[in-house]
């Protein structure tokens, strides 16, 4: 059965196909009012290089240890912080604090900017999670340079670029649900229509066989009037109505 055959079948059984198609369309539109939209909050934080330089030690005294993170640069620090916050322990800590553990972190190419993206069914929760993660980044940067707390100008610092973050409504979840309902409903509609067509054809064939058998069993035997007048034996002719059937050719019985 090719597509043309399926199309003809659907047109032939429109009384099954059309109602099911209407039900699928109604269900698809109803999903939009029952599936809650999601909210996506974003935030970003910039890692800045140190603003000062180490003071030369007095004569005869050894130089204090240098800030290795400052020498590595903000980009390397951003990558290290990203690895730390991507660990499962960090996500479990966020979840236990009531935030979304599925936050996403990324570094803007050729920069020391870390972006935070959080998707949630709650606008407030997504925004709060962004603020929480931004603070975690700042705390992680300071923790790695704890030895230089007394010299803040020798440390890599952080600066939030968009304040408390921004929130927007995301409808991709609703669209995915609608596409799934529409696709599944259309497939089910076609399959049910094909099944109903097969059942109807089967019932029709059984009725035709029963009718054909009944007609043959009740066919009268007629004697020709000419043979009866001459008192001659005549061949019995069984008159059977011919039922057109492509599968069983019929012949008159003599």
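How long are the semi-axes of the equivalent ellipsoid of segment 1-81, defined as square roots of 5 times the Cα gyration tensor eigenvalues? Whole Å, largest first.
Each semi-axis is √(5λ); the values are 75, 17, 7 Å.
For segment 136-224, what is Rg from Cα atoms divided by 2.2 N^0.38 Å, rounded to two decimals?
Dividing the Cα Rg of segment 136-224 by 2.2 N^0.38 Å gives 3.28.
Which of the three applies to segment 1-42, rounded, prolate or oblate, going by the alpha-carbon gyration tensor with a ≥ b ≥ c and a/c under 1.5 meaning rounded?
Judged from the Cα gyration tensor, segment 1-42 comes out oblate (a/c at least 1.5, b/c at or above a/b).
I need the per residue convex hull volume for segment 33-125, using only the alpha carbons, in cubic angstrom as a whole number.
Hull volume normalised by residue count: 145 Å³.
Give the Cα extents of segment 56-173 along the principal axes, in whole Å, largest first.
67, 30, 21
For 132, 103, what ranking results if the residue with the fewest other Cβ atoms within 10 Å of its Cβ goes first?
132, 103
Quick one, can you get me the convex hull of the C-alpha atoms of segment 115-162 expressed as volume per residue in Å³?
It is 76 Å³ per residue.
Quick note: the coordinates plus some simple rules give every number you see, no bench work behind them. Just so we're clear, the structure is a prediction, and the values are computed from it rather than from any experiment. So basically every Cβ, Gly included, is an ideal-geometry build from the backbone, and we count neighbours across all protein chains shown.
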